[in-house]
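The values are calculated or read from the model by the stated rules, or taken from the named source; none is laboratory data. Note that the structure is predicted; figures quoted are calculated from it, not measured. Reconstructed Cβ throughout: ideal geometry from the backbone, glycine too, with neighbour counts over all protein chains shown. Remember, those area values only see protein heavy atoms, side chains included, never the ligands or the DNA or RNA. Shrake-Rupley method; radii C 1.70, N 1.55, O 1.52, S 1.80 Å.
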Amino acid sequence: MTVYGVDVSGWQPNPDWKKIKEAGKDFAIFKSSEGLHYASPVLEQQIAGTLEPGIICAAIYHFAKLSDDAATQGRILGKRARELSIRPVMDIETQPAGMTMQQTREWTATSIDACEQEYGGPC
């Protein structure tokens, strides 16, 4: 069985969830935050919109900025996920110039550990 979903961010503040469901999408993941200073102002509205058409809210994600503090970003994600009772996911897409693969692994481990402590479960 194949299941399809959508990635929703602030670029889609008010998706037409009925059309998304009709297009065969069964779940959504939502951008919750980014770096140290951005939290989606429309996240809860976006999640609420999925209820009527029956789209599963699979997770929220934090768009990581590896140049910012790892533990703080992990706590930001874990706190919001706990408050919304939804699964947290850390989205790591870019590695800053000069950061080694080992440093990236360490950053990621620190962030995930902080998220799990704040969330109270696996991130």
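Quick notes
Per-residue answers, yes or no, for (1) at pLDDT below 95; (2) under 30 Å from Met1 (Cβ atoms):
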site	(1), (2)
Ala28	no, yes
Gly35	no, no
Gly78	no, no
Met90	no, yes
Pro96	yes, no
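- When residues of region 73-123 are limited to those that are open to solvent by less than 50 Å² (accessible area, probe 1.4 Å) and of a type in the set (Ser, Thr, Tyr), the one nearest to Ser40 (Cα to Cα): Ser111
- Of all residues in region 36-73 being without any contact (Cβ under 8 Å) to a residue 24 or more places away in the chain and assigned to a loop (DSSP other than H, G, I, E, B), the one that is nearest to Ile92 (Cα to Cα): His37
- Taking region 26-42 as the range and being open to solvent by 70 Å² or more (accessible area, probe 1.4 Å) and touching a strand residue (DSSP E or B) at 6+ places or on another chain (Cβ under 9 Å) as the test, only Tyr38 passes.
- Identity of the residue in region 1-25, among the aromatic types (Phe, Trp, Tyr) and open to solvent by 90 Å² or more (accessible area, probe 1.4 Å), that ends up nearest to Gln45 (Cα to Cα): Trp11
- Selection of region 74-95 for residues being of a type outside the set (Val, Ile, Thr) and either part of a helix (DSSP H, G or I) or closer than 11 Å to Ile112 by Cβ (or both) yields Gly74, Arg75, Leu77, Gly78, Lys79, Arg80, Ala81, Arg82, Glu83, Leu84, Pro88, Met90.
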